[in-house]
Amino acid sequence: MASRLRQGPRGIAAGLFLLLVCAVMGLAMPGSAEAAPVVTWRIENPFRFFVDPNDTNAHRETYRALGPRERTTPILSEEHALQRNDRDGWAASMFDKTCWSNNRFKCKAYDDYMNPTHHAVIAKITGIDDASTLSCTWLSSPRGDAKNPRGDVITQPCNASARFVVPYPGGALITVEIGGRQIAKLDIKVRDILIAGMGDSFASGEGNPDMAVRFSRERTADYSTIGLYGSLTGYPARIGPWRDLGDNAFIKENARWLDQACHRSLYSEQMRTALQLAVEDPHRAVTFVGVSCAGAEITGGLFLRYKGNEWVPNPPRLSQISAVAEAQCGNNKTEALNLPDAYYQNGAVPELRDIIMRKCPQDVARKIDLVLLSIGGNDIGFSRLIANTVLSNESLLRELGGWLGEIHSDAESTAALENLGPRYKSLNRALHSILYVPWEESDRILLVAYPGLALQGDGSEMCASGNAGMDVVPDFQLDRTRLKLGTWFADKLNRQMRESANEFGWTFVETHRRSFIGRGICAGLSVEGVSDVDDLRLPRKIDGMWTPYNPADYQAYAARQRWFRTPNDAFMTGNFHAAAGFLTKYLRIEAFAPFQAILASTYSGAFHPTAEGQAAIADAVADKARAVLAKYGDGPDADPTGYVVPSPSDMPPPVAAEPDTSMPDANSILSKSQIERAATGALPSNVAAPALPEADTAVPVLDDPAPTTPDTIGVTSGPPGSEPPPAATAATATAPMQSIELRRSATPAAMPAPPATPVPALATTATPTPTAAPPVAASETTSGPAVSQSPVAVETKAPAPPPAPAAADDEFTPKAFAPSSGNN
């Protein structure tokens, strides 16, 4: 008995020890009924172009909240979700916090934006009961970090997330302990890919400024009261204390862009594609380099320096290819490369003879994982064909000799289209030789097709003739017969793009074209009772009342039926005006206020995709990009926490290939056609079919774009300064004058005078401070005598009068589309 009593305390102590061991081991080796502790992690800021991780996280959390069906088109679904709670557009609070500054990819957040050495990650452990009452110790063992070989030690409650800065590309080993015993470990290795975006206005996001213009609730603007433009009164007026259209205070309220000269915004399909690839995979970071510029061509833009769409003190310094090469170098220096004949092709591309470009030495150049391209429309002058479809014969723009309305003949457009193939060939050579895209990996280059402007129904129907959505000025009158000719050339352009992509092994993206059917320029109504966002009319103040709605309530980024900006939309969103004095100094015409209204409705992104349209294009590009990345080992991890791939049942049916419909002869189409003058009907349905591309506004530079003493512009009603000052989010106007530019080869010395009808002075503008033109970089060749492809580019040759229309040709009427064996 005594021996048993003596053994009792020992036995009790041994039993308690065993219970404690079992409790601790239970955490390390749980039973089959409990899950083992698991460490998950994500990159804190996977889209490095955003300086603030909270901006990236807003997009990531929006993506994670999408349902399975919404994730089939995640970018468009995110766009809708973000805009529902932000009437000014989500980009307004983000565009001034990026790694783009003074035409370079740099920011204070990184020593070298292009070549990351570390990534911050957020780790979390799950599968621990009562995690809030236990204390976990996190330890990191960096790989490849000579400055911090021992890593970090963090002790905190087990339910809290831990933040580590891990080396790139080495990564780190992360272990978790409780009471000195290891319960979990994980290797963390970030994948960082480089995406470059180049192209024209369809790539830059033209028509979708990061901060749209805002309008007064009471004040109005009058542009003219005489002649053809006698009814331009009672127009929406910007907020602010301005006195005259185009004065300094007026220009200060301009729309704001990520890049003002190029009209590049965060709504760009290229930027949205890169952002989506970053937020959907918690272990992948994206370094994005986007240099697309509204108005760019393959020659004047990608190869040759092009100063952009709007005059600013600091226009682009380099061509787009050279700019990407400079970005590849990071903090290293590029080399000037003299290329006398490399891209000239024995005269096939005469603009590219004896060019000088920048190139990064290959041993320090960062490899590009994806190249996103949207280019070609401006090269064939397609904007002139579009202009011809929407301008009335009495338009001032026709009188001005090509600002928007010069007519391209069948022969001219066909010749330009034949020259497009050699231009793509030169571009292909440069992407491989200058930017080092491996020849055997050409499918890393994604060429994006242009969406359709005016197709309805099953794709064989078009918008009717009329001015619905275009009543901002009397110049606009959509002509359905001419539109058919433009659509025919659009199909030829798309075929050329597809053939070139196939020839060079590029990835061609065109499935989004079907999504634009029924979403074109006439999708909406011009009647009472329709919602404000789908009302095609421009708000006007008539008899003291706004009709159909107050312009202060206009929402530039609300969801709409139409995915193209109409001229009315362009006036309400971008509202571009020339700075005071520009019209008289550079166009050599007298102050003519109606021309400001024309600029505001054309030069502000008319006939370009809305933010929704850009998102729909980005969804198609992202689909192709995922496949390319997966092919080269850059797809998502086998089990990436937080990345949910939609099930097959949730996916839409595969998109059929684009049709190979026969192309009719376009000769004499206009002379055989009957102009139709019908009003737009009900909201069109959205049925799959291919569509038509739209070109850009292309306006290169004058030698001295500094403004001088202004002249009369326009008048307003309502006292200036009656509106409150703009919100703090508005960017400060660093340039006192924002204006448009002309190509050197198209200096308006021979500019025809405006219509003979005299225009009386309506008001007096303030005198802005002249600003000197920025210097031209010596190492970059400026585009030589080139023909502008802009709807508002001055041509020295007056346009021929339009031919008289006649009966429509049934052969030219588009047929319903059917699948074929072509690429999609």
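Descriptive notes on the structure:
- Test: LYS425 is at pLDDT 95 or above, in contact with a Leu (Cβ under 8 Å, 6 or more places away or on another chain) and open to solvent by 10 Å² or more (accessible area, probe 1.4 Å): no
Condition check ((1) modelled with pLDDT of 95 or more; (2) in a helix (DSSP H, G or I); (3) of a type outside the set (Lys, Arg); (4) surrounded by fewer than 21 Cβ atoms within 10 Å (Cβ to Cβ)) across all residues:
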{"position": "GLU503", "(1), (2), (3), (4)": "yes, yes, yes, yes"}
{"position": "ARG562", "(1), (2), (3), (4)": "yes, no, no, no"}
{"position": "ALA579", "(1), (2), (3), (4)": "no, no, yes, no"}
{"position": "LEU599", "(1), (2), (3), (4)": "no, yes, yes, no"}
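- Checking the stated criteria, GLY330 turns out not to satisfy the condition of being touching a Pro at 6+ places or on another chain (Cβ under 8 Å) and either open to solvent by 20 Å² or more (accessible area, probe 1.4 Å) or at pLDDT below 95 (or both).
- Tally of residues being aliphatic (A, V, I, L, M) and assigned to a loop (DSSP other than H, G, I, E, B) across the stretch 510-560: 10
- Looking across the stretch 299-309, the residues that are more than 8 Å from GLY199 (Cα to Cα), in a loop (DSSP other than H, G, I, E, B) and out of contact with any Cys (no Cβ under 8 Å at 6 or more places or on another chain) come down to THR299, PHE303, LYS307.
- GLU297 passes every criterion in (1) touching a strand residue (DSSP E or B) at 6+ places or on another chain (Cβ under 8 Å); (2) farther than 21 Å from PHE95 by Cβ apart from (1).
- Residues of the stretch 205-245 that are part of a loop (DSSP other than H, G, I, E, B) and among the charged types (D, E, K, R): GLU206, ASP210, ARG214, ARG243, ASP244.
- Matching residues in the stretch 63-91 - criterion: being within 26 Å of VAL165 (Cβ to Cβ) and surrounded by fewer than 20 Cβ atoms within 10 Å (Cβ to Cβ): ARG64
- Of all the listed residues (GLY459, GLY486, GLY452), the sole one being within 27 Å of the chain's Cα centre (by Cα), under 22 Å from LEU391 (Cα atoms), small (Gly, Ala, Ser) and not in a helix (DSSP H, G or I) is GLY452.
- Given (1) part of a helix (DSSP H, G or I); (2) in contact with a Lys or Arg (Cβ under 7 Å, 6 or more places away or on another chain), index of the condition ALA327 fails: (2)
- Some residue of the stretch 188-196 being of a type in the set (A, V, I, L, M) and open to solvent by 20 Å² or more (accessible area, probe 1.4 Å): no
- Residue match in the stretch 92-99 (condition: farther than 20 Å from ARG42 by Cα, assigned to a helix (DSSP H, G or I) and open to solvent by less than 80 Å² (accessible area, probe 1.4 Å)): yes
- Within the stretch 244-269, residues that are more than 21 Å from ALA611 (Cα to Cα) have Cβ atoms under 9 Å from residues that are acidic (Asp, Glu) in these pairs: PHE250/ASP244, counting only partners at least 6 apart in sequence or on another chain.
- Of the listed requirements (1) open to solvent by less than 10 Å² (accessible area, probe 1.4 Å); (2) under 26 Å from the mean Cα position of the chain (by Cα); (3) at pLDDT below 90, TYR643 misses just one: (1).
- Annotation: ASP475 fulfils all but one of (1) farther than 25 Å from THR602 by Cα; (2) open to solvent by less than 10 Å² (accessible area, probe 1.4 Å); the unmet one is (1).
- Any hit, the stretch 278-295, residues being under 27 Å from ALA618 (Cβ atoms), under 19 Å from the mean Cα position of the chain (by Cα) and part of a helix (DSSP H, G or I): yes
- Out of LEU446, LEU435, LEU417, one residue alone is touching a residue at least 60 places away in the same chain (Cβ under 8 Å) and open to solvent by 10 Å² or more (accessible area, probe 1.4 Å). It is LEU417.
- Residue satisfying condition, being under 29 Å from TYR450 (Cβ atoms), modelled with pLDDT under 95 and either open to solvent by less than 10 Å² (accessible area, probe 1.4 Å) or not acidic (Asp, Glu) (or both), within set ILE375, ILE380: ILE380
- Of all residues in the stretch 105-142 being touching a residue at least 60 places away in the same chain (Cβ under 8 Å) and outside any loop (DSSP other than H, G, I, E, B), the one that is surrounded by the fewest Cβ atoms within 10 Å (Cβ to Cβ): ALA120
The values are calculated or read from the model by the stated rules, or taken from the named source; none is laboratory data. Remember, it's a predicted structure, so these values are computed and weren't measured experimentally. Cβ: placed from backbone, ideal geometry, glycine included. Neighbour counts: every protein chain shown. Please note that ligands, DNA and RNA were not included when accessible areas were found on the heavy atoms of the full protein model with its side chains. Shrake-Rupley method; radii C 1.70, N 1.55, O 1.52, S 1.80 Å.
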